[in-house]
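Peer 1: Dumping the structure here so I can ask a few things about it.
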Amino acid sequence: MSTSALPRILCVDDEPNLLAGLANTLRRRFDVTTAANGPDALRIVADAGPFDVIVSDYRMPGMDGAEFLRRARQLAPTTVPVLLTGHATLEGAIAAVNEGRVFRILLKPCPPEILIGAIDEAVAQALAPSLERRRYEEEIEGLSGELQEAARLATAGRLASGFGHEINNMVAVLDGTIAGIRDATGSGGALDPEDIAALSHVRKHLATHGKNLMRLGRPQRTVAGTADLGRAVQDAVAMLKETGPLKRAKVVVEVPATPTWVGLAETPLEQILLNLIKNASEAVTTIRTRIPTITVAVTTDNVIGMATCTVADDGVGIPAADMDRLFEAYHTTKPVGSGTGLGLFVVRHIVETAGGRVTAQSREGQGSTFTFTVPLRPAP
Ligand SMILES: Nc1ncnc2c1ncn2[C@@H]1O[C@H](COP(=O)(O)OP(=O)(O)O)[C@@H](O)[C@H]1O
Ligand SMILES: [Mg+2]
């Protein structure tokens, strides 16, 4: 296999001197391979393909150029054929174009600049589909980046209203405390140490909420980085506990005592966890007869070089028919305004960008387990 970045050309001619001359003309511009007959050339196409362009002689003993190109096309449909012929008959040319999908027919002897010009065009033709595919892939990539940002903002928006609620609670505590202080000091009394304690309690809460809000609002264009998965689990659980979603459930966190460094920046890692744990909490909201349990566990024992994180709930579960669509964008079973259907789509996008995988297992009426892996990294 050649590792040259030059376009790959296969030249086929039964006349050794012509073949050597052809190869010499093309060698400076292209990565050239030669074959002396059709059957040899077919073997080369099968073993060492794909070539960008095949330049073939027409008149060859055994298998002629039209037949060779027809068969080569079956082996390598994206290779662009050019036919080089001493005596072009109209029938031969028609067969070559119709059956061999020949791109150009050149007459021998062919001046080098014409030959090279034709092969340049053939190469451009060969590369065109992959250029188009590349552009398409870039578009998809950009789109999922935008969706990721949109979903992050949606998550942030929903959590922000939870933080707003908490801040209002703190304002209520502040109001009460201020009234108490006013009463005591207005009548010439001393400050009550309990009021001071209440103030510093409020201060601590506000500081936490401020920090969390700032983190949620921070735009994240890249997922590259290193973060402690165990820490991220604890932070995500704490954030969701403070803003309400986890209040009713028993949350079990099982993470290694030492940091589990993984190849993802802190914010996208937290975004994965917030989405999975929030989904779990939403899956247990209708459980009224018992206290539901959500378990978030991290281990490094399952897959070599990877950390595995599971988020398990004993909530409503997922109907088997929905399992295939879980990670699709906009798939949601939640009422308009409460679900976007982007959470799991984004989870999968981030996990796979980082080189990991995410899977789901569920039993309707019994609960669900989401599992994702991310590559382990050395401590930063
Ligand atoms: N832990 C879970 N238990 C039950 N259903 C779930 C769970 N996680 C996800 N789902 C299902 O997958 C759907 C898509 O989830 P997601 O992409 O996070 O979007 P959203 O939560 O906005 O609906 C949810 O609407 C729900 O039906
Ligand atoms: Mg969700």
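All of the numbers you see were taken from the coordinates with simple rules; none came from a lab. Keep in mind the model is a prediction, meaning the values are calculated, not measured. Cβ: placed from backbone, ideal geometry, glycine included. Neighbour counts: every protein chain shown.
Peer 1: Test of understanding: ordering H201, H87, H209 by Cβ neighbours within 10 Å, fewest first, what list do you get?
Peer 2: Least to most surrounded, the residues fall as H87, H201, H209.
Peer 1: Do any chymotrypsin sites (Phe, Trp or Tyr not before Pro) in the range 252-359 lie in a DSSP loop with no more than 11 other beta carbon atoms within 10 Å, and if so, which?
Peer 2: Answer by residue number: Y330.
Peer 1: A further question on this structure: For each of R70, R288, R29, count neighbouring Cβ atoms within 10 Å of the residue's Cβ, then give the residues from fewest to most.
Peer 2: Going from sparsest to densest Cβ surroundings: R288, R29, R70.
Peer 1: Compare Q125, Q361, Q271 in a GNM of the chain, Cα atoms joined below 10 Å, and give the one with the largest fluctuation.
Peer 2: Q125
Peer 1: Next question. Return the single residue from E99, E364, E149 with maximal mean-square fluctuation; model: Gaussian network over the chain, springs between Cα atoms under 10 Å.
Peer 2: Evaluated over the chain, the most mobile residue of the options is E99.
Peer 1: Could you list the square roots of 5 times each eigenvalue of the Cα gyration tensor of the range 222-380, that is, the equivalent ellipsoid semi-axes, sorted largest first and rounded to whole Å?
Peer 2: Over the Cα atoms of the range 222-380, the ellipsoid semi-axes are 25, 18, 14 Å.
Peer 1: Further, regarding this structure: In what sequence, highest mean first, do 22-28, 50-56, 253-259 appear when ranked by Cβ atoms within 10 angstrom?
Peer 2: Peptide ranking by packing, descending: 50-56, 22-28, 253-259.
Peer 1: Same structure, new question: For I167, I196, which order do you get if you count the other beta carbons within 10 Å of each Cβ and list the fewest first?
Peer 2: With the sparsest Cβ surroundings first, the list reads I196, I167.
Peer 1: Ok, one more. Determine the relative contact order of the chain: mean sequence separation of Cα pairs under 8 Å and six or more apart, normalised by residue count, in whole percent.
Peer 2: Taking the mean separation of contacting Cα pairs over the length of the chain, I get 11 percent.
Peer 1: Next question, about the same structure. Give me the extension gain from D324 to T285: residue separation times 0.36 nm, minus the current Cα-Cα distance, reported in nm with one decimal.
Peer 2: 11.7 nm
Peer 1: Give, in whole angstrom and from largest to smallest, the semi-axes √(5λ) of the equivalent ellipsoid of the chain, with λ running over the eigenvalues of the Cα gyration tensor.
Peer 2: Ellipsoid half-lengths, sorted descending, are 69, 22, 18 Å.
Peer 1: Further question: Once you place label points 7 Å from the Cα toward the Cβ at H87 and A379, how far apart are they in nm?
Peer 2: 8.2
Peer 1: I've got another one for you. Report the Cα centroid-to-centroid distance between the range 262-317 and the range 54-121 in angstrom, as an integer.
Peer 2: 60
Peer 1: Then there is this: What is the antiparallel percent of DSSP beta bridges lying wholly in the range 276-380, to the nearest 5?
Peer 2: Antiparallel: roughly 95 percent of the beta bridges in the range 276-380.
Peer 1: Could you work out Rg/(2.2 N^0.38 Å) for the range 8-110, with Rg from alpha carbons only?
Peer 2: 0.94
Peer 1: Suppose we keep just the DSSP beta bridges with both residues in the chain; what percent of those would be antiparallel, to 5?
Peer 2: 50
Peer 1: Using per-residue counts of other Cβ atoms within 10 Å, averaged over each peptide, order 110-117, 36-43, 306-313 from highest down.
Peer 2: Result, highest mean first: 306-313, 36-43, 110-117.
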